1. Restricting attention to region 245-264, does a residue exist that is farther than 28 Å from GLU316 by Cα, more than 21 Å from the chain's Cα centre (by Cα) and not small (Gly, Ala, Ser)?
2. Identify all residues within region 264-300 that are modelled with pLDDT of 95 or more and of a type in the set (S, T, N, Q); write none if there are none.
3. Name the residues in region 175-212 that are within 13 Å of the chain's Cα centre (by Cα), assigned to a strand (DSSP E or B) and in contact (Cβ under 8 Å) with a residue 24 or more places away in the chain, would you?
4. Inspect all residues belonging to region 191-211 and state whether any of them is surrounded by fewer than 20 Cβ atoms within 10 Å (Cβ to Cβ) and within 18 Å of PRO297 (Cβ to Cβ).
5. For region 165-174, state whether one or more residues are in contact with a Phe, Trp or Tyr (Cβ under 7 Å, 6 or more places away or on another chain), in contact (Cβ under 8 Å) with a residue 60 or more places away in the chain and either surrounded by 14 or more Cβ atoms within 10 Å (Cβ to Cβ) or not in a loop (DSSP other than H, G, I, E, B) (or both).
6. For region 38-95, give me each residue that is of a type outside the set (S, T, N, Q), assigned to a helix (DSSP H, G or I) and over 24 Å from SER334 (Cβ atoms).
7. Looking only at region 128-162, count every residue that is among the hydrophobic types (A, V, I, L, M, F, W, C), within 14 Å of SER196 (Cα to Cα) and open to solvent by 20 Å² or more (accessible area, probe 1.4 Å) and tell me the total.
8. If the Cβ limit is 6 Å and pairs must be 6+ apart or interchain, which residue in region 305-319 that is under 14 Å from MET342 (Cβ atoms) pairs with which residue that is surrounded by fewer than 18 Cβ atoms within 10 Å (Cβ to Cβ) and not acidic (Asp, Glu)?
Amino acid sequence: MLDQKSDIHVTLESGNKPLFAVDLFAGAGGFSLGAIHAGFELRAAIEKDGHASRTYRNNIQNVSNRRIAVFENDISEVGPAELMSECGLISGECDLLLGGPPCQGFSSHRLGSAGVNDPRNELLLRYFAFVKALKPKFFLVENVPGLLHSKHAEYLDRFLTIAEESQYHVIGPVILNARDFGVPQNRKRVFILGMSSEFSFDELEWPPSPTHAKPETANEIGLPAWRTAADAFVETERDEDPNAIHMNHTQALIDVFKSTPANGGSRAQSNRVLPCHKGHNGHKDVYGRVDPSRPSPTMTTACINPSKGRFVHPTEHHGITARQAARLQTFPDSFDFEGGLMATGAQIGNAVPVLLAEVLCRTIRESLVTLDVGCFRSSSC
């Protein structure tokens with residue numbers, strides 16, 4: 001379980017009604033943990049992957065210790081009424097509905113028409129069965145920038161149309177970079193915010209203003225500079241960390257890492273050129289070292305595999321550990337991922353960075369607390 005003293009940033013004031021949240025496509029719980037840090041109480045989560053759902057159950061805990069109903073199911077197999085019954089919510093009680101549907105169908109790495117009509121894309125629309133039943137004050141969706149590609153315009157248009165038909169004002173899509181919000185990682189993602197048209201949120205600032213800036217201008221505009229990947233490579237005080245593991249490499253690959261310059265060295269600077277690298281300038285980052293003086297590259301689902309990106313330790317001769325990747329996603333060191341190394345890497349790469357989630361959810365929470373939450377809980381409003 002989480003270390004409540006060090007990992008929970010916000011405690012709900014005594015006597016205040018809690019603000020309720022539900023997380024669809026919850027993964028390991030990055031979105032949920034950020035929401036809890038921002039002052040929400042999670043009531044339910046859906047995650048079909050067994051490793052991720054076990055990670056969620058073992059790590060995500062409300063400040064109030066109130067139980068979270070976790071469904072280890074595909075979202076198409078869980079009905080909104082079943083979820084509401086299990087977690088004790090009635091229509092209109094949910095303040096924030098979260099969700100990061102699987103993004104593979106929208107990946108920018110899929111060329112041509114690949115991903116068009118991908119059945120996973122329909123999961124975006126499944127989201128609205130829960131929106132219509134729960135009637136949350138806000139919903140917040142996260143996905144990859146590829147969602148905005150013209151080949152996916154039909155799906156995005158359908159999503160926005162259904163939102164409007166469901167009586168929600170939509171802000172976005174907007175692309176946010178996690179490095180601008182205190183995450184030591186260069187990670188761009190799309191966010192779509194929906195607000196119930198029943199209420200006025202005149203004080204809402206969306207998207208929130210960056211909290212960090214590039215080093216060249218940070219002092220001038222009065223913000224801290226981007227955090228760097230060096231944050232991930234500090235010593236840990238834990239005697240035994242199940243996620244402080246990395247891939248095992250062949251001696252030949254270790255020798256390549258030894259010949260790759262420290263702190264940001266690239267594959268091209270080593271003495272290894274694979275046949276697939278000849279004749280083109282692509283894949284420059286594979287087998288490259290993380291540069292600790294800058295925000296890290298995007299942590300993908302293969303973030304512990306140096307063959308998939310710039311995921312080699314800055315100075316040591318192996319890939320980064322799962323713990324180091326998790327730190328770059330701003331998970332606390334007390335957060336332990338279930339499953340083997342590959343499953344853990346996938347959970348880390350799929351997650352919304354905890355600190356970014358906290359900033360976004362806190363902005364929403366600040367708008368909600370200006371309203372009469374008690375009125376929301378009353379049928380007389």
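The values are calculated or read from the model by the stated rules, or taken from the named source; none is laboratory data. All figures in this text were calculated on a predicted structure; none of them were measured in a lab. Here Cβ is always computed from backbone atoms with ideal geometry, including for glycine, and neighbour counts include all displayed protein chains. Quick note on the areas: whole protein, heavy atoms, side chains included, nothing else; ligands and nucleic acids left out. Shrake-Rupley method; radii C 1.70, N 1.55, O 1.52, S 1.80 Å.
1. Keep residues of region 245-264 that are farther than 28 Å from GLU316 by Cα, which gives none.
No.
2. Residues satisfying the conditions are SER293, SER296, THR298, THR300.
3. The answer is LEU176, GLN185, LYS188, ARG189, VAL190, PHE191.
4. Taking every residue of region 191-211 in turn, none turns out to be surrounded by fewer than 20 Cβ atoms within 10 Å (Cβ to Cβ) and within 18 Å of PRO297 (Cβ to Cβ).
5. No, region 165-174 has no match at all.
6. As a first pass, look at region 38-95 and keep what is of a type outside the set (S, T, N, Q): 38-52, 54, 56-57, 60, 63, 66-72, 74-75, 77-84, 86-90, 92-95.
Imposing the further condition that a residue be assigned to a helix (DSSP H, G or I) reduces the set to 50-52, 54, 56-57, 75, 77, 80-84, 86-87.
Selection gives ILE75, GLU77, PRO80, ALA81, GLU82, LEU83, MET84, GLU86, CYS87.
7. 3
8. Filtered contacts from region 305-319: LYS308/ALA302.
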